[in-house]
Amino acid sequence: MTLLKQELTNQIPKVREDIKNLIHENGESQISTVSVAQAYSGLRGIKAFVCDTSSVSPEKGLIIRGNPLLEITHILPEEVFFLLLTGRLPNSEELTDLQKEYSKHFKIPDYVWSLLETLPGDSHPMTMFNLGILAMQHESVFRKKYDEGMAKSEYWEHILEDGIRLLAKLPILGAGIYRMRFGKGDRIDPDPNLDWSGNFVHLIDIPDPSGDFHKLMQLYFMLHCDHEGGNVSAFAAHTVASALSDPYYAVSAGLNGLAGPLHGLANQECLKFVLKIHDHFSGAPTSEELRGFCWDRLNSGRVIPGYGHAVLRCPDPRFTAFINFGKKHIHGDDIFDIVTGLFDIVPEVLTEQGKAKNPWPNVDAASGSLLYYYGLKQFNYYTVLFSISRAMGMIAQMVWERALGIPITRPKSVTTEWIKKTI
Ligand code: CMX
């Protein structure tokens, strides 16, 4: 048994008991109400389910198990996965144990690569990535155990097992897709002596003499890990998993949502926008030129990618972490300068326009410019990187949902006629 599973085995009975008592004593207390406007507005702001892995404060951004994000940007993705699941950081023995477990499950079945090779050469990398995950559903331990008739109390154990196996493979799948899709030559074998992000950097094989690209990928995979339970991808994964679809089905479903331009694909859209600015002005424009460019975009009925958020009402700390990284490592780069220039202009422009409830940048506004600087220039690939990381949060949420016996998701919809009669 991994030390991670051991820790969860200790915690789960206590949390089960705690929640049973909470429901017993306060089950009828109200935590939210729903207005007619909310029913027509993407359920915005309705508190209707629980996610303990992380929370998003409108004023402070992402808080992972009580830790404000900017206080833990130094930790490894493997450490953040342990933290999401258990509420504490692993000690060095627990970290090594998890990394060792990952290294046992690096192998991607050959049929996955064969399947991906049959796709059109210009397939979107997100389609390839999500298909790769879905194809591996064949390997699900949860599915096999369910078919054999396991007890409900054991579900979480096999969700964790599938989750760890899947997470072990994701950087390898992602890097393999990069090489296949962008003609980078044969796949490279993973190295069990490297950490999760280190393996990704090794497999993608972008020259990294300073080691800074490796540092960026550690930060990137850490920052994107989770964003509480109600965002499109987490909620989609949560809903699919609640039907006892295994993690391969549920993660793939969630990532199909992440592939939308209003969600994770905004990182692709954002770098595209920045490059367009660069081409248009043959370099970094002045503030006034940038302002005019943003207004033209808004006036053509399009959103400014990387700005706005359904929950946040402040600059996203994930954006701040990326900008801090860029300011430390990048000097005199037009693309990064445009990104920082946009930060000076866009909030004012969006505020003046008066539509967006949050004029501040989100995570997707900065990440692409850093990847681009280090040579990862194929921006339609960027959401795959978001996905590799976000799977950690989805899996951590699924483990706890099955551990707590959360039933199938099934909110009630109503008709417009019903609303009119009821109000
Ligand atoms: N540029 C222009 N208009 C924007 C805007 C932006 N960046 N953000 C919001 N608006 C507009 C909305 O389109 C909406 O317009 P309509 O009234 O014409 O429909 C209005 O402002 C009100 O929207 P809101 O309540 O502030 O925002 P929502 O909660 O509905 O949507 C989000 C949130 C993120 C989809 C939206 O801000 C957006 O489209 N941003 C650009 C895309 C983006 O960066 N997405 C990434 C989010 C982070 C992530 O998931 O990765």
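Overview of values
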quantity	calculated
Accessible surface of region 1-102 [probe 1.4 Å, protein heavy atoms]: carbon and sulfur percent	54
Fraction of accessible area attributable to carbon and sulfur, region 301-400 (%, probe 1.4 Å)	52
q = 0.11, 0.18, 0.21 Å⁻¹, region 266-373: log10 I(q)/I(0) [Debye, one scatterer per Cα]	-0.29, -0.82, -1.14
Given charges at beta-carbon only (K, R positive; D, E negative), |dipole| of region 266-373 in Debye	420
Mean Cβ count within 10 Å, highest first, over the residues of peptides 278-289, 162-173	162-173, 278-289
Unit charges at the beta carbon, dipole of region 266-373: most positive-side option, Ala310, Phe273, Leu290	Ala310
Neighbour net charge for Met392 - beta-carbon separation under 12 angstrom, K R +1, D E -1	-2
Cβ-placed point charges (K, R +1; D, E -1), dipole of the chain about Cα centre in debye, nearest 20	1100
Proximal lysines relative to Lys357, as straight alpha-carbon distance under 23 Å, when same-chain residues fewer than 8 apart are discounted	Lys47, Lys60
Computed magnitude of the charge dipole of region 162-294 (debye, nearest 20; Cβ of K, R +1, Cβ of D, E -1)	300
The chain - percent relative contact order, Cα under 8 Å, separation 6 or more	23
Quarter of Cα convex hull surface for region 77-231, i.e. mean projection, nm²	11.0
Most to least packed among 174-183, 21-30 [average Cβ atoms within 10 Å]	174-183, 21-30
Residue-normalised accessible area of region 266-373, given per residue in Å² at a 1.4 Å probe	43
For Thr33, solvent-accessible area (1.4 Å; no DNA, RNA or ligand), Å²	110
P(r), alpha carbons of the chain - 20 Å bins starting at zero, rounded %	25, 57, 17, 0
Surrounding net charge for Val414, when Lys and Arg each add one and Asp and Glu each subtract one, Cβ distance under 13 Å	+2
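The values are calculated or read from the model by the stated rules, or taken from the named source; none is laboratory data. Since the model is a prediction, treat every value here as computed from it, not as a measurement. We place every Cβ from the backbone using ideal geometry, glycine too, and count neighbours over all the protein chains shown. Please note that ligands, DNA and RNA were not included when accessible areas were found on the heavy atoms of the full protein model with its side chains. Shrake-Rupley method; radii C 1.70, N 1.55, O 1.52, S 1.80 Å.
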